[in-house]
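Each remark here refers to the structure printed beneath this line.
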Ligand code: UN1
(Lines give C-alpha, C1' and ligand atoms only; values in the text may rest on other atoms or scores of the structure.)
Protein backbone atom coordinates (compact mmCIF):
# COMPACT_ATOMS: atom_id res chain seq x y z
CA UNK A 1 0.00 0.00 0.00
CA UNK A 2 1.59 3.34 -1.00
CA UNK A 3 2.11 5.86 1.76
CA UNK A 4 0.26 9.15 1.80
CA UNK A 5 2.32 12.05 0.51
CA UNK A 6 2.54 14.60 3.25
CA UNK A 7 3.65 17.49 1.13
CA UNK A 8 2.51 18.76 -2.24
CA UNK A 9 4.39 17.18 -5.14
CA UNK A 10 7.28 19.13 -6.64
CA UNK A 11 6.42 21.16 -9.69
CA UNK A 12 6.36 18.70 -12.59
CA UNK A 13 9.94 17.80 -13.48
CA UNK A 14 8.48 15.26 -15.90
CA UNK A 15 6.48 17.77 -17.90
CA UNK A 16 7.28 18.28 -21.55
CA UNK A 17 5.70 21.10 -23.48
CA UNK A 18 2.73 19.81 -25.43
CA UNK A 19 4.13 21.14 -28.70
CA UNK A 20 6.03 18.09 -29.81
CA UNK A 21 7.04 18.78 -33.35
CA UNK A 22 6.21 21.26 -36.07
CA UNK A 23 5.08 20.08 -39.45
CA UNK A 24 3.65 22.10 -42.30
CA UNK A 25 4.11 25.24 -40.18
CA UNK A 26 1.54 24.24 -37.56
CA UNK A 27 2.33 22.51 -34.29
CA UNK A 28 1.49 18.86 -33.70
CA UNK A 29 0.09 17.94 -30.29
CA UNK A 30 0.01 14.52 -28.68
CA UNK A 31 -2.07 12.79 -26.03
CA UNK A 32 -1.02 13.14 -22.41
CA UNK A 33 -0.84 9.66 -20.91
CA UNK A 34 0.87 8.84 -17.63
CA UNK A 35 2.83 12.11 -17.79
CA UNK A 36 4.11 11.56 -21.31
CA UNK A 37 3.06 13.20 -24.54
CA UNK A 38 2.35 10.28 -26.86
CA UNK A 39 1.07 10.22 -30.44
CA UNK A 40 -2.14 8.32 -31.12
CA UNK A 41 -1.53 4.62 -31.72
CA UNK A 42 -3.14 5.13 -35.15
CA UNK A 43 -0.47 7.74 -35.99
CA UNK A 44 -3.26 9.86 -37.44
CA UNK A 45 -4.25 13.38 -36.51
CA UNK A 46 -7.10 15.85 -36.83
CA UNK A 47 -6.51 19.46 -37.87
CA UNK A 48 -7.82 22.20 -35.59
CA UNK A 49 -8.90 25.13 -37.78
CA UNK A 50 -9.70 28.73 -36.92
CA UNK A 51 -13.46 29.06 -37.57
CA UNK A 52 -12.98 32.69 -38.63
CA UNK A 53 -10.37 31.68 -41.21
CA UNK A 54 -9.98 28.05 -42.22
CA UNK A 55 -6.63 28.75 -43.84
CA UNK A 56 -5.29 29.34 -40.33
CA UNK A 57 -4.40 25.91 -38.86
CA UNK A 58 -4.15 26.08 -35.07
CA UNK A 59 -2.57 22.64 -34.78
CA UNK A 60 -2.81 18.94 -35.47
CA UNK A 61 -4.24 16.82 -32.65
CA UNK A 62 -4.19 13.05 -32.28
CA UNK A 63 -6.95 10.96 -33.78
CA UNK A 64 -7.17 8.38 -31.01
CA UNK A 65 -9.12 5.18 -30.53
CA UNK A 66 -9.94 2.55 -27.90
CA UNK A 67 -6.30 1.45 -27.58
CA UNK A 68 -5.22 4.99 -26.60
CA UNK A 69 -8.09 5.10 -24.11
CA UNK A 70 -6.91 1.79 -22.65
CA UNK A 71 -3.40 3.18 -22.12
CA UNK A 72 -4.82 6.25 -20.42
CA UNK A 73 -7.06 4.16 -18.16
CA UNK A 74 -4.06 2.06 -17.09
CA UNK A 75 -2.07 5.23 -16.32
CA UNK A 76 -4.96 6.80 -14.41
CA UNK A 77 -5.50 3.62 -12.38
CA UNK A 78 -1.84 3.53 -11.42
CA UNK A 79 -1.85 7.19 -10.43
CA UNK A 80 -5.02 6.72 -8.37
CA UNK A 81 -3.17 4.41 -5.95
CA UNK A 82 -1.11 7.33 -4.64
CA UNK A 83 -3.25 10.39 -5.55
CA UNK A 84 -6.13 9.20 -3.35
CA UNK A 85 -3.75 9.22 -0.38
CA UNK A 86 -2.55 12.80 -0.88
CA UNK A 87 -4.38 14.85 1.75
CA UNK A 88 -7.20 16.83 0.14
CA UNK A 89 -5.85 20.21 1.37
CA UNK A 90 -2.59 19.39 -0.45
CA UNK A 91 -4.44 18.42 -3.61
CA UNK A 92 -6.21 21.75 -3.30
CA UNK A 93 -2.90 23.63 -3.15
CA UNK A 94 -2.18 22.44 -6.68
CA UNK A 95 -5.47 23.97 -7.79
CA UNK A 96 -4.53 27.27 -6.17
CA UNK A 97 -1.20 27.28 -8.00
CA UNK A 98 -2.92 26.34 -11.27
CA UNK A 99 -5.36 29.22 -10.76
CA UNK A 100 -2.47 31.64 -10.26
CA UNK A 101 -0.76 30.36 -13.41
CA UNK A 102 -3.98 30.76 -15.38
CA UNK A 103 -4.16 34.36 -14.17
CA UNK A 104 -0.65 34.98 -15.52
CA UNK A 105 -1.44 33.27 -18.82
CA UNK A 106 -4.98 34.59 -19.22
CA UNK A 107 -4.39 36.78 -22.26
CA UNK A 108 -2.30 34.21 -24.14
CA UNK A 109 -4.80 31.43 -23.48
CA UNK A 110 -7.76 33.66 -24.38
CA UNK A 111 -6.20 34.53 -27.75
CA UNK A 112 -5.52 30.87 -28.47
CA UNK A 113 -9.10 30.04 -27.54
CA UNK A 114 -10.52 32.69 -29.88
CA UNK A 115 -8.35 31.26 -32.63
CA UNK A 116 -9.59 27.72 -32.15
CA UNK A 117 -13.20 28.32 -31.12
CA UNK A 118 -14.11 31.68 -32.61
CA UNK A 119 -15.83 33.58 -29.80
CA UNK A 120 -14.72 37.16 -29.23
CA UNK A 121 -11.75 37.99 -27.02
CA UNK A 122 -13.83 39.55 -24.24
CA UNK A 123 -15.61 36.22 -23.95
CA UNK A 124 -12.57 33.97 -24.17
CA UNK A 125 -11.00 36.07 -21.41
CA UNK A 126 -14.19 35.33 -19.49
CA UNK A 127 -13.84 31.62 -20.24
CA UNK A 128 -10.30 31.54 -18.81
CA UNK A 129 -11.53 33.65 -15.87
CA UNK A 130 -14.23 31.07 -15.20
CA UNK A 131 -11.54 28.38 -14.90
CA UNK A 132 -9.60 30.66 -12.50
CA UNK A 133 -12.75 31.21 -10.41
CA UNK A 134 -13.37 27.46 -10.40
CA UNK A 135 -9.80 26.76 -9.27
CA UNK A 136 -10.09 29.07 -6.27
CA UNK A 137 -13.63 27.99 -5.42
CA UNK A 138 -12.90 24.28 -5.57
CA UNK A 139 -9.55 24.65 -3.78
CA UNK A 140 -11.62 25.70 -0.76
CA UNK A 141 -13.31 22.31 -0.89
CA UNK A 142 -9.96 20.73 -0.04
CA UNK A 143 -10.60 21.76 3.56
CA UNK A 144 -14.33 21.26 3.34
CA UNK A 145 -15.00 17.73 2.12
CA UNK A 146 -17.35 17.40 5.05
CA UNK A 147 -18.76 14.08 6.10
CA UNK A 148 -21.51 13.58 8.65
CA UNK A 149 -21.34 12.19 12.16
CA UNK A 150 -24.49 10.98 13.83
CA UNK A 151 -25.32 9.19 17.09
CA UNK A 152 -25.45 5.42 16.84
CA UNK A 153 -28.59 3.66 18.09
CA UNK A 154 -26.37 1.50 20.34
CA UNK A 155 -24.27 2.50 23.35
CA UNK A 156 -20.49 2.80 23.03
CA UNK A 157 -20.66 2.85 19.28
CA UNK A 158 -19.58 5.68 16.99
CA UNK A 159 -21.04 6.39 13.55
CA UNK A 160 -19.85 8.62 10.76
CA UNK A 161 -19.91 8.92 6.99
CA UNK A 162 -16.96 9.85 4.80
CA UNK A 163 -16.64 11.07 1.23
CA UNK A 164 -14.42 8.74 -0.78
CA UNK A 165 -13.11 9.30 -4.31
CA UNK A 166 -14.81 7.31 -7.03
CA UNK A 167 -11.61 6.24 -8.82
CA UNK A 168 -10.82 6.84 -12.48
CA UNK A 169 -13.36 9.21 -14.02
CA UNK A 170 -13.97 9.98 -17.70
CA UNK A 171 -14.78 13.55 -18.70
CA UNK A 172 -16.25 14.44 -22.09
CA UNK A 173 -16.42 18.15 -22.76
CA UNK A 174 -17.90 20.48 -25.41
CA UNK A 175 -16.38 23.10 -27.69
CA UNK A 176 -18.33 26.17 -26.59
CA UNK A 177 -16.55 26.67 -23.23
CA UNK A 178 -13.36 24.75 -23.98
CA UNK A 179 -11.56 25.73 -20.78
CA UNK A 180 -14.32 26.62 -18.31
CA UNK A 181 -16.33 23.42 -18.69
CA UNK A 182 -13.27 21.13 -18.43
CA UNK A 183 -12.37 23.04 -15.23
CA UNK A 184 -15.89 22.46 -13.82
CA UNK A 185 -15.26 18.75 -14.11
CA UNK A 186 -11.52 18.32 -13.58
CA UNK A 187 -11.10 20.47 -10.47
CA UNK A 188 -13.78 18.93 -8.24
CA UNK A 189 -12.81 15.44 -9.47
CA UNK A 190 -9.18 16.10 -8.54
CA UNK A 191 -9.73 17.70 -5.17
CA UNK A 192 -11.88 14.72 -4.22
CA UNK A 193 -8.97 12.37 -5.02
CA UNK A 194 -10.01 10.93 -8.38
CA UNK A 195 -7.77 10.55 -11.40
CA UNK A 196 -9.10 11.68 -14.76
CA UNK A 197 -9.15 11.04 -18.46
CA UNK A 198 -10.47 13.98 -20.40
CA UNK A 199 -11.64 13.86 -23.98
CA UNK A 200 -11.84 17.45 -25.19
CA UNK A 201 -14.21 18.44 -27.99
CA UNK A 202 -12.76 17.32 -31.32
CA UNK A 203 -12.64 20.87 -32.68
CA UNK A 204 -11.27 22.76 -29.65
CA UNK A 205 -8.69 20.67 -27.77
CA UNK A 206 -6.01 23.35 -27.37
CA UNK A 207 -7.77 25.18 -24.53
CA UNK A 208 -8.03 21.92 -22.60
CA UNK A 209 -4.30 21.37 -23.17
CA UNK A 210 -3.65 24.84 -21.79
CA UNK A 211 -5.77 24.13 -18.73
CA UNK A 212 -4.02 20.83 -18.08
CA UNK A 213 -0.61 22.41 -18.72
CA UNK A 214 -1.37 24.85 -15.88
CA UNK A 215 -2.15 21.89 -13.61
CA UNK A 216 1.03 20.10 -14.65
CA UNK A 217 3.13 23.22 -14.05
CA UNK A 218 1.40 23.60 -10.69
CA UNK A 219 2.72 20.21 -9.60
CA UNK A 220 0.13 17.63 -10.59
CA UNK A 221 1.76 14.17 -10.53
CA UNK A 222 1.97 12.13 -13.75
CA UNK A 223 -1.11 10.10 -14.68
CA UNK A 224 -3.49 12.06 -12.47
CA UNK A 225 -4.92 13.83 -15.54
CA UNK A 226 -4.66 12.26 -18.97
CA UNK A 227 -5.82 13.79 -22.24
CA UNK A 228 -7.01 11.62 -25.12
CA UNK A 229 -8.05 13.51 -28.26
CA UNK A 230 -10.29 12.28 -31.02
CA UNK A 231 -13.88 11.99 -32.09
CA UNK A 232 -16.85 11.02 -29.92
CA UNK A 233 -17.36 7.57 -31.46
CA UNK A 234 -13.65 6.66 -31.44
CA UNK A 235 -12.65 8.06 -28.01
CA UNK A 236 -15.77 9.11 -26.08
CA UNK A 237 -17.65 5.84 -26.37
CA UNK A 238 -14.63 3.61 -25.58
CA UNK A 239 -14.10 5.80 -22.50
CA UNK A 240 -17.73 5.28 -21.46
CA UNK A 241 -17.45 1.53 -22.00
CA UNK A 242 -14.01 0.91 -20.48
CA UNK A 243 -14.61 -1.05 -17.27
CA UNK A 244 -11.73 0.75 -15.53
CA UNK A 245 -13.57 4.06 -15.77
CA UNK A 246 -15.86 4.35 -12.74
CA UNK A 247 -17.93 7.41 -13.62
CA UNK A 248 -18.60 9.61 -16.64
CA UNK A 249 -19.35 13.32 -16.78
CA UNK A 250 -20.64 14.52 -20.13
CA UNK A 251 -21.64 17.92 -21.48
CA UNK A 252 -22.93 18.05 -25.03
CA UNK A 253 -25.93 17.34 -27.21
CA UNK A 254 -29.01 15.45 -26.03
CA UNK A 255 -28.62 12.88 -28.81
CA UNK A 256 -25.08 11.94 -27.74
CA UNK A 257 -26.01 12.24 -24.06
CA UNK A 258 -28.77 9.66 -24.54
CA UNK A 259 -26.25 7.23 -26.01
CA UNK A 260 -23.75 7.91 -23.21
CA UNK A 261 -26.50 7.28 -20.64
CA UNK A 262 -27.56 4.03 -22.29
CA UNK A 263 -24.05 2.62 -22.43
CA UNK A 264 -23.23 3.77 -18.89
CA UNK A 265 -26.42 2.19 -17.60
CA UNK A 266 -25.41 -1.15 -19.12
CA UNK A 267 -22.27 -1.02 -16.96
CA UNK A 268 -24.10 0.43 -13.88
CA UNK A 269 -21.79 3.41 -14.18
CA UNK A 270 -22.77 6.76 -12.63
CA UNK A 271 -23.10 9.39 -15.32
CA UNK A 272 -23.63 13.13 -15.08
CA UNK A 273 -25.25 14.64 -18.17
CA UNK A 274 -25.59 18.32 -19.03
CA UNK A 275 -27.26 18.84 -22.38
CA UNK A 276 -29.50 21.16 -24.30
CA UNK A 277 -31.61 24.18 -23.57
CA UNK A 278 -34.29 26.30 -25.23
CA UNK A 279 -34.03 29.15 -22.82
CA UNK A 280 -36.72 31.79 -22.52
CA UNK A 281 -36.45 35.42 -21.55
CA UNK A 282 -39.88 36.72 -20.50
CA UNK A 283 -40.50 40.47 -20.71
CA UNK A 284 -43.57 41.76 -18.89
CA UNK A 285 -45.29 45.05 -19.74
CA UNK A 286 -43.89 46.69 -16.59
CA UNK A 287 -40.25 45.77 -17.32
CA UNK A 288 -37.39 48.22 -17.70
CA UNK A 289 -37.31 47.88 -21.49
CA UNK A 290 -33.77 49.17 -21.94
CA UNK A 291 -32.51 46.57 -19.50
CA UNK A 292 -34.57 43.82 -21.15
CA UNK A 293 -33.18 44.78 -24.57
CA UNK A 294 -29.60 44.76 -23.31
CA UNK A 295 -30.21 41.35 -21.73
CA UNK A 296 -31.82 39.88 -24.83
CA UNK A 297 -29.02 41.05 -27.09
CA UNK A 298 -26.35 39.61 -24.82
CA UNK A 299 -28.25 36.42 -23.99
CA UNK A 300 -29.21 35.76 -27.62
CA UNK A 301 -26.04 36.67 -29.46
CA UNK A 302 -23.24 36.39 -26.90
CA UNK A 303 -21.01 33.45 -27.89
CA UNK A 304 -22.86 33.66 -31.24
CA UNK A 305 -25.81 31.97 -29.53
CA UNK A 306 -23.69 28.89 -28.88
CA UNK A 307 -24.29 28.49 -25.14
CA UNK A 308 -26.48 25.83 -23.59
CA UNK A 309 -27.92 28.77 -21.67
CA UNK A 310 -28.34 31.07 -24.72
CA UNK A 311 -31.60 32.99 -24.97
CA UNK A 312 -33.38 31.40 -27.90
CA UNK A 313 -36.96 32.42 -27.11
CA UNK A 314 -38.02 35.91 -26.13
CA UNK A 315 -41.54 35.98 -24.71
CA UNK A 316 -43.06 39.43 -25.04
CA UNK A 317 -46.20 40.67 -23.29
CA UNK A 318 -48.57 42.31 -25.78
CA UNK A 319 -48.30 45.83 -24.31
CA UNK A 320 -44.57 46.13 -25.10
CA UNK A 321 -44.19 43.58 -27.90
CA UNK A 322 -44.24 45.98 -30.87
CA UNK A 323 -41.85 48.47 -29.26
CA UNK A 324 -39.47 45.80 -28.04
CA UNK A 325 -39.45 44.03 -31.42
CA UNK A 326 -38.68 47.21 -33.41
CA UNK A 327 -35.91 48.27 -31.07
CA UNK A 328 -34.47 44.75 -30.76
CA UNK A 329 -34.32 44.18 -34.51
CA UNK A 330 -32.68 47.60 -34.99
CA UNK A 331 -30.00 46.69 -32.44
CA UNK A 332 -29.42 43.22 -33.89
CA UNK A 333 -28.89 44.74 -37.35
CA UNK A 334 -26.09 46.87 -35.90
CA UNK A 335 -24.17 43.96 -34.36
CA UNK A 336 -20.70 43.69 -35.85
CA UNK A 337 -19.89 40.16 -37.05
CA UNK A 338 -16.32 39.10 -37.74
CA UNK A 339 -13.19 37.52 -36.38
CA UNK A 340 -13.22 37.35 -32.59
CA UNK A 341 -9.61 38.55 -32.57
CA UNK A 342 -10.81 42.00 -33.70
CA UNK A 343 -11.72 43.82 -30.47
CA UNK A 344 -14.48 45.81 -32.20
CA UNK A 345 -16.36 42.65 -33.27
CA UNK A 346 -19.39 41.64 -31.16
CA UNK A 347 -20.36 38.34 -32.79
CA UNK A 348 -17.76 35.80 -33.88
CA UNK A 349 -18.15 32.89 -36.30
CA UNK A 350 -20.02 29.68 -35.56
CA UNK A 351 -17.64 26.93 -34.65
CA UNK A 352 -17.90 24.90 -37.86
CA UNK A 353 -19.85 24.37 -41.07
CA UNK A 354 -22.21 21.85 -39.54
CA UNK A 355 -23.40 24.46 -37.01
CA UNK A 356 -24.03 26.90 -39.86
CA UNK A 357 -26.08 24.26 -41.62
CA UNK A 358 -28.15 23.74 -38.47
CA UNK A 359 -28.84 27.47 -38.18
CA UNK A 360 -29.85 27.70 -41.84
CA UNK A 361 -31.99 24.58 -41.57
CA UNK A 362 -33.89 25.92 -38.57
CA UNK A 363 -34.53 29.26 -40.28
CA UNK A 364 -36.02 27.35 -43.21
CA UNK A 365 -38.12 25.19 -40.85
CA UNK A 366 -39.36 28.31 -39.05
CA UNK A 367 -40.34 30.06 -42.26
CA UNK A 368 -42.13 26.97 -43.49
CA UNK A 369 -44.03 26.89 -40.17
CA UNK A 370 -45.18 30.47 -40.72
CA UNK A 371 -42.64 32.52 -38.74
CA UNK A 372 -41.46 35.86 -40.18
CA UNK A 373 -37.80 36.64 -40.83
CA UNK A 374 -37.22 40.04 -39.19
CA UNK A 375 -33.48 40.18 -39.84
CA UNK A 376 -30.61 37.87 -40.80
CA UNK A 377 -31.25 34.29 -41.79
CA UNK A 378 -28.24 33.54 -44.00
CA UNK A 379 -24.68 32.38 -43.85
CA UNK A 380 -22.13 35.13 -44.58
CA UNK A 381 -19.78 33.95 -47.28
CA UNK A 382 -18.36 36.98 -49.10
CA UNK A 383 -15.30 39.17 -48.55
CA UNK A 384 -13.87 38.96 -45.01
CA UNK A 385 -16.27 36.10 -44.32
CA UNK A 386 -15.13 33.97 -47.25
CA UNK A 387 -12.85 31.62 -45.30
CA UNK A 388 -14.91 31.26 -42.13
CA UNK A 389 -18.22 29.88 -40.85
CA UNK A 390 -20.28 33.00 -40.20
CA UNK A 391 -24.04 33.34 -39.85
CA UNK A 392 -26.04 36.55 -39.67
CA UNK A 393 -27.57 37.40 -36.30
CA UNK A 394 -31.15 36.34 -36.94
CA UNK A 395 -34.51 37.28 -35.44
CA UNK A 396 -37.73 35.44 -36.22
CA UNK A 397 -41.08 37.06 -35.38
CA UNK A 398 -44.61 35.69 -35.17
CA UNK A 399 -43.39 32.46 -33.63
CA UNK A 400 -46.04 30.27 -31.99
CA UNK A 401 -45.08 28.14 -28.96
CA UNK A 402 -45.84 24.86 -30.74
CA UNK A 403 -43.53 25.46 -33.71
CA UNK A 404 -40.34 23.42 -33.93
CA UNK A 405 -38.29 26.64 -33.89
CA UNK A 406 -39.84 27.37 -30.47
CA UNK A 407 -39.10 23.92 -29.05
CA UNK A 408 -35.83 22.60 -30.51
CA UNK A 409 -32.32 23.77 -29.75
CA UNK A 410 -30.52 25.59 -32.59
CA UNK A 411 -27.21 26.47 -30.86
CA UNK A 412 -26.62 29.43 -33.13
CA UNK A 413 -27.41 33.16 -33.49
CA UNK A 414 -31.13 32.59 -34.09
CA UNK A 415 -33.69 34.11 -31.71
CA UNK A 416 -37.48 33.63 -31.81
CA UNK A 417 -40.01 36.18 -30.61
CA UNK A 418 -43.26 34.88 -29.11
CA UNK A 419 -46.10 37.09 -27.87
CA UNK A 420 -48.37 36.40 -24.90
CA UNK A 421 -51.22 38.10 -23.03
CA UNK A 422 -50.93 37.19 -19.33
CA UNK A 423 -48.15 36.34 -16.87
CA UNK A 424 -49.66 32.88 -16.36
CA UNK A 425 -49.58 32.27 -20.11
CA UNK A 426 -45.90 33.26 -20.23
CA UNK A 427 -45.01 30.73 -17.56
CA UNK A 428 -46.97 28.07 -19.39
CA UNK A 429 -45.19 28.78 -22.70
CA UNK A 430 -41.79 28.92 -21.00
CA UNK A 431 -42.46 25.51 -19.45
CA UNK A 432 -44.00 23.93 -22.55
CA UNK A 433 -40.74 22.47 -23.87
CA UNK A 434 -38.70 19.35 -23.15
CA UNK A 435 -35.69 21.28 -21.84
CA UNK A 436 -35.25 23.12 -18.53
CA UNK A 437 -31.88 24.83 -18.21
CA UNK A 438 -32.17 28.60 -17.85
CA UNK A 439 -34.98 31.16 -17.74
CA UNK A 440 -35.10 34.93 -17.26
CA UNK A 441 -37.89 37.27 -16.22
CA UNK A 442 -37.85 41.04 -16.66
CA UNK A 443 -40.36 42.80 -14.40
CA UNK A 444 -40.55 45.36 -11.61
CA UNK A 445 -43.29 43.38 -9.85
CA UNK A 446 -41.72 41.58 -6.91
CA UNK A 447 -44.73 39.31 -6.45
CA UNK A 448 -44.54 38.03 -10.01
CA UNK A 449 -40.78 37.66 -9.72
CA UNK A 450 -41.16 35.29 -6.77
CA UNK A 451 -44.03 33.41 -8.39
CA UNK A 452 -41.83 32.89 -11.47
CA UNK A 453 -38.90 31.69 -9.36
CA UNK A 454 -41.25 29.08 -7.94
CA UNK A 455 -43.03 28.11 -11.15
CA UNK A 456 -40.46 28.20 -13.97
CA UNK A 457 -39.24 24.69 -14.71
CA UNK A 458 -35.51 25.31 -15.08
CA UNK A 459 -32.34 24.66 -13.13
CA UNK A 460 -31.42 28.35 -13.29
CA UNK A 461 -33.72 31.41 -13.14
CA UNK A 462 -32.60 35.02 -13.50
CA UNK A 463 -34.66 38.04 -12.49
CA UNK A 464 -33.83 41.18 -14.49
CA UNK A 465 -30.72 39.55 -15.95
CA UNK A 466 -30.20 37.48 -19.10
CA UNK A 467 -30.33 33.67 -19.32
CA UNK A 468 -26.51 33.47 -19.54
CA UNK A 469 -23.96 34.36 -16.91
CA UNK A 470 -23.94 31.62 -14.28
CA UNK A 471 -21.28 31.92 -11.56
CA UNK A 472 -19.14 28.89 -10.71
CA UNK A 473 -20.13 28.50 -7.07
CA UNK A 474 -23.85 28.05 -7.67
CA UNK A 475 -25.38 24.82 -8.95
CA UNK A 476 -25.31 24.61 -12.77
CA UNK A 477 -27.59 22.23 -14.60
CA UNK A 478 -31.17 21.72 -15.60
CA UNK A 479 -34.36 19.74 -15.28
CA UNK A 480 -36.30 17.61 -17.77
CA UNK A 481 -34.23 16.63 -20.84
CA UNK A 482 -31.45 19.08 -20.05
CA UNK A 483 -29.82 16.70 -17.63
CA UNK A 484 -30.18 13.73 -15.35
CA UNK A 485 -30.25 15.50 -12.01
CA UNK A 486 -26.58 16.18 -11.34
CA UNK A 487 -25.08 19.63 -10.99
CA UNK A 488 -21.74 21.28 -11.76
CA UNK A 489 -20.52 24.00 -9.40
CA UNK A 490 -22.28 23.58 -6.06
CA UNK A 491 -23.08 19.87 -5.99
CA UNK A 492 -20.24 18.65 -8.23
CA UNK A 493 -18.43 17.15 -5.25
CA UNK A 494 -21.46 14.90 -4.71
CA UNK A 495 -20.90 13.36 -8.13
CA UNK A 496 -17.15 12.88 -7.72
CA UNK A 497 -17.37 11.24 -4.29
CA UNK A 498 -19.10 8.22 -2.94
CA UNK A 499 -20.31 7.87 0.64
CA UNK A 500 -18.77 5.40 3.01
CA UNK A 501 -20.61 4.69 6.27
CA UNK A 502 -18.27 3.84 9.17
CA UNK A 503 -19.23 2.23 12.50
CA UNK A 504 -16.74 1.94 15.35
CA UNK A 505 -17.97 -0.23 18.19
CA UNK A 506 -16.03 0.35 21.43
CA UNK A 507 -18.31 -1.66 23.75
CA UNK A 508 -16.12 -4.77 23.49
CA UNK A 509 -19.13 -7.00 22.91
CA UNK A 510 -21.33 -8.02 20.02
CA UNK A 511 -24.09 -5.46 19.62
CA UNK A 512 -26.71 -6.28 17.03
CA UNK A 513 -28.25 -3.30 15.28
CA UNK A 514 -32.07 -3.27 15.22
CA UNK A 515 -32.18 -6.37 17.51
CA UNK A 516 -30.36 -5.38 20.69
CA UNK A 517 -31.63 -1.88 20.15
CA UNK A 518 -35.21 -3.05 20.73
CA UNK A 519 -34.62 -3.99 24.38
C1 LIG B 1 -23.10 27.05 -21.41
O2 LIG B 1 -24.17 27.66 -21.39
O3 LIG B 1 -22.84 26.27 -22.33
O4 LIG B 1 -23.61 30.61 -17.54
C5 LIG B 1 -22.09 27.27 -20.34
C6 LIG B 1 -22.90 30.95 -18.48
C7 LIG B 1 -21.46 30.54 -18.49
C8 LIG B 1 -21.34 29.08 -18.78
C9 LIG B 1 -22.23 28.69 -19.90
N10 LIG B 1 -20.87 30.84 -17.21
O11 LIG B 1 -23.35 31.63 -19.37
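The table below gives the values:
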{"read-out": "In the range 109-124, the residues that are over 16 Å from the mean Cα position of the chain (by Cα) and part of a helix (DSSP H, G or I)", "value": "109, 110, 111, 112, 114, 115, 116, 121, 122"}
{"read-out": "Failed condition for residue 399, given (1) in contact with a strand residue (DSSP E or B) (Cβ under 9 Å, 6 or more places away or on another chain); (2) surrounded by fewer than 18 Cβ atoms within 10 Å (Cβ to Cβ)", "value": "(2)"}
{"read-out": "Residue match in the range 477-486 (condition: within 13 Å of the ligand (Cβ to nearest atom), without any contact (Cβ under 8 Å) to a residue 40 or more places away in the chain and crowded, with 16+ Cβ neighbours inside 10 Å)", "value": "no"}
{"read-out": "Matching entry among 67, 21 (being loosely packed, with under 15 Cβ neighbours inside 10 Å, at pLDDT 95 or above and more than 20 Å from residue 189 (Cα to Cα))", "value": "67"}
{"read-out": "Criterion (surrounded by 20 or more Cβ atoms within 10 Å (Cβ to Cβ) and closer than 25 Å to residue 131 by Cβ) met by exactly one of 427, 468", "value": "468"}
{"read-out": "Output for the range 294-307, where each listed residue is out of contact with any strand residue (DSSP E or B) (no Cβ under 7 Å at 6 or more places or on another chain) and crowded, with 20+ Cβ neighbours inside 10 Å", "value": "297, 302, 303, 306, 307"}
{"read-out": "Strands (runs of 3 or more DSSP E) within the range 407-472 that include 2 or more residues more than 16 Å from the ligand (Cβ to nearest atom)", "value": "414-420, 438-442"}
{"read-out": "Out of 100, 95, 121, 85, sole residue that is farther than 30 Å from residue 143 by Cβ, away from the ligand (no atom under 16 Å from the Cβ) and modelled with pLDDT of 95 or more", "value": "121"}
{"read-out": "Residue count for the range 342-372, restricted to those that are in contact with a strand residue (DSSP E or B) (Cβ under 9 Å, 6 or more places away or on another chain) and outside any helix (DSSP H, G or I)", "value": "9"}
{"read-out": "In the range 158-199, the residues that are within 16 Å of the ligand (Cβ to nearest atom), in a loop (DSSP other than H, G, I, E, B) and either touching a strand residue (DSSP E or B) at 6+ places or on another chain (Cβ under 6 Å) or farther than 19 Å from residue 99 by Cα (or both)", "value": "173, 174, 175, 176"}
{"read-out": "From 95, 32, 71, 49, residue being closer than 22 Å to residue 169 by Cα and assigned to a strand (DSSP E or B)", "value": "32"}
{"read-out": "Sole residue being surrounded by fewer than 20 Cβ atoms within 10 Å (Cβ to Cβ) and outside the structural domain of residue 139 (by TED's automatic domain parsing), chosen from 436, 388, 459, 370", "value": "370"}
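Results for (1) modelled with pLDDT of 95 or more; (2) within 16 Å of the ligand (Cβ to nearest atom), shown as yes or no for each residue.
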site	(1), (2)
254	no, yes
259	yes, no
267	no, no
282	yes, no
292	yes, no
298	yes, yes
302	yes, yes
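The values are calculated or read from the model by the stated rules, or taken from the named source; none is laboratory data. On a predicted model such as this, the values are computed, not experimentally measured, just so you know. Backbone-built Cβ (ideal geometry, glycine too); neighbour counts: all protein chains shown.
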